[in-house]
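The values are calculated or read from the model by the stated rules, or taken from the named source; none is laboratory data. Please read these numbers as outputs of a predicted model, since none were measured by experiment. Positions of Cβ are backbone-derived with ideal geometry, glycine not excepted, and every protein chain shown enters the neighbour counts.
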């Protein structure tokens, strides 16, 4: 079964990252969650990025605040797609440092980047990536998108 690895730089990132966890649960996608700090546990980060595919992980979602090196460092050391979630943390510069650290990767080391604190969209994007080769997941994404459209129609009818 395809699996998503969700990592974050510290426990303080969890309130944001839990949105990725919740959306993956709603799609019934297997996932694991770990704290992997680029700055405080660099060896663990390197091992995670090298070994993730051996555990069945097919996509990595990496959330980080402040300097936010985690997604880029994971992407530099893994062949798996990495989705970066910039997090507006207590030590960030209004989130801009996190956003730019993840978004401005050098050529050859891509990191898909979602909006500031956009872990839910990271989860959806991971599901869409997995859905390209798994019809069951693809069908769940199609239903999710259809439900979003239906909600807009219902909301419109109440005006």
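Please determine, by comparing only the residues of region 129-159 that are touching a helix residue (DSSP H, G or I) at 6+ places or on another chain (Cβ under 6 Å) and either in contact (Cβ under 8 Å) with a residue 12 or more places away in the chain or part of a loop (DSSP other than H, G, I, E, B) (or both), which one is nearest to residue 9 (Cα to Cα).
By that ranking, first place goes to 130.
Candidates 28, 32: the one that is surrounded by fewer than 15 Cβ atoms within 10 Å (Cβ to Cβ), touching a residue at least 60 places away in the same chain (Cβ under 8 Å) and over 19 Å from residue 108 (Cα atoms) is 28. Quick check on residue 146: is it surrounded by fewer than 16 Cβ atoms within 10 Å (Cβ to Cβ) and more than 13 Å from the chain's Cα centre (by Cα)? Yes: the conditions hold for residue 146.
Determine whether residue 71 is within 12 Å of the chain's Cα centre (by Cα), buried (at least 21 other Cβ atoms within 10 Å of the Cβ), free of Cβ contacts under 8 Å to residues at least 60 places away in the same chain and closer than 30 Å to residue 139 by Cα.
Working: within 12 Å of the chain's Cα centre (by Cα): yes; buried (at least 21 other Cβ atoms within 10 Å of the Cβ): yes; free of Cβ contacts under 8 Å to residues at least 60 places away in the same chain: yes; closer than 30 Å to residue 139 by Cα: yes.
Yes.
Kindly evaluate residue 86 against the criterion of being at pLDDT 95 or above, part of a loop (DSSP other than H, G, I, E, B) and touching a strand residue (DSSP E or B) at 6+ places or on another chain (Cβ under 9 Å).
Values: at pLDDT 95 or above: yes; part of a loop (DSSP other than H, G, I, E, B): no; touching a strand residue (DSSP E or B) at 6+ places or on another chain (Cβ under 9 Å): yes.
No: the conditions fail for residue 86.
Can you spot a residue in region 40-60 that is surrounded by 23 or more Cβ atoms within 10 Å (Cβ to Cβ) and closer than 17 Å to residue 19 by Cβ? Yes, some residue in region 40-60 is surrounded by 23 or more Cβ atoms within 10 Å (Cβ to Cβ) and closer than 17 Å to residue 19 by Cβ. Scanning region 93-120 for residues being part of a helix (DSSP H, G or I), within 15 Å of the chain's Cα centre (by Cα) and surrounded by fewer than 18 Cβ atoms within 10 Å (Cβ to Cβ) gives a total of 1.
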